Amino acid sequence: MEGYEKKEGFEKNDREEIFSKAVRAGKRTYFFDVKATRKNDYYLTITESKKKFDQDGRFHFEKHKVFLYKEDFDKFADGLEEVVSFIKNNQPFIEEPVAELAEAVPANEYTNVEFEDLAE
């Protein structure tokens with residue numbers, strides 16, 4: 001790469017993930033990756049990945065990334081916990097109707113409809 005100078009003692013491998021955890025949640029996958037700075041300070045990247053389909057049927061992944069540094073961990077965790085608790089306490093969980101419908105009609109059970117029945 002033009003204009004890029006390799007720092008002495010720093011190699012690409014120094015930026016590889018130290019620890020990684022993937023969490024699948026519905027149509028999204030969240031990746032929690034621990035990486036290290038050049039000074040070997042750990043930080044966290046949180047990536048949301050969602051599969052999107054183009055009109056021609058091809059797909060790509062839409063990704064959003066947040067970098068979280070250790071000096072912000074406590075404030076971030078406190079804020080996240082407060083918001084999650086608020087949502088849990090103020091808006092009860094309601095299952096999606098699609099899930100209920102899938103349970104109500106087994107996949108191998110069909111209804112026989114005669115076209116004469118529709119003529120009325």
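The values are calculated or read from the model by the stated rules, or taken from the named source; none is laboratory data. Just so it is clear, the model here is predicted, and its values are computed rather than measured. Cβ coordinates were reconstructed from backbone atoms using ideal geometry, including for glycine residues, and neighbour counts include every protein chain displayed.
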Report task. With the checklist (1) free of Cβ contacts under 8 Å to residues at least 24 places away in the same chain; (2) surrounded by 10 or more Cβ atoms within 10 Å (Cβ to Cβ); (3) outside any helix (DSSP H, G or I) in hand, flag the one item Lys51 doesn't pass. Result -> (1)
**Report entry** Hits in segment 11-25 - residues which are within 15 Å of Asn40 (Cβ to Cβ), modelled with pLDDT of 50 or more and either under 13 Å from the mean Cα position of the chain (by Cα) or assigned to a helix (DSSP H, G or I) (or both)
**Finding:** Arg15
Query raised in the report: Among all residue pairs at least 6 apart or on different chains, which show Cβ distances below 8 Å where the first residue, located in segment 31-42, is loosely packed, with under 14 Cβ neighbours inside 10 Å and the second is part of a loop (DSSP other than H, G, I, E, B)?
Result: Val34/Glu17; Val34/Ile18; Arg38/Lys7; Arg38/Phe10; Tyr42/Ile18
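So is Gly79 at pLDDT 65 or above and at positive phi or not? Let's see the steps before the verdict.
Values: at pLDDT 65 or above: yes; at positive phi: no.
Taking the combined requirement at face value, the residue does not satisfy it.
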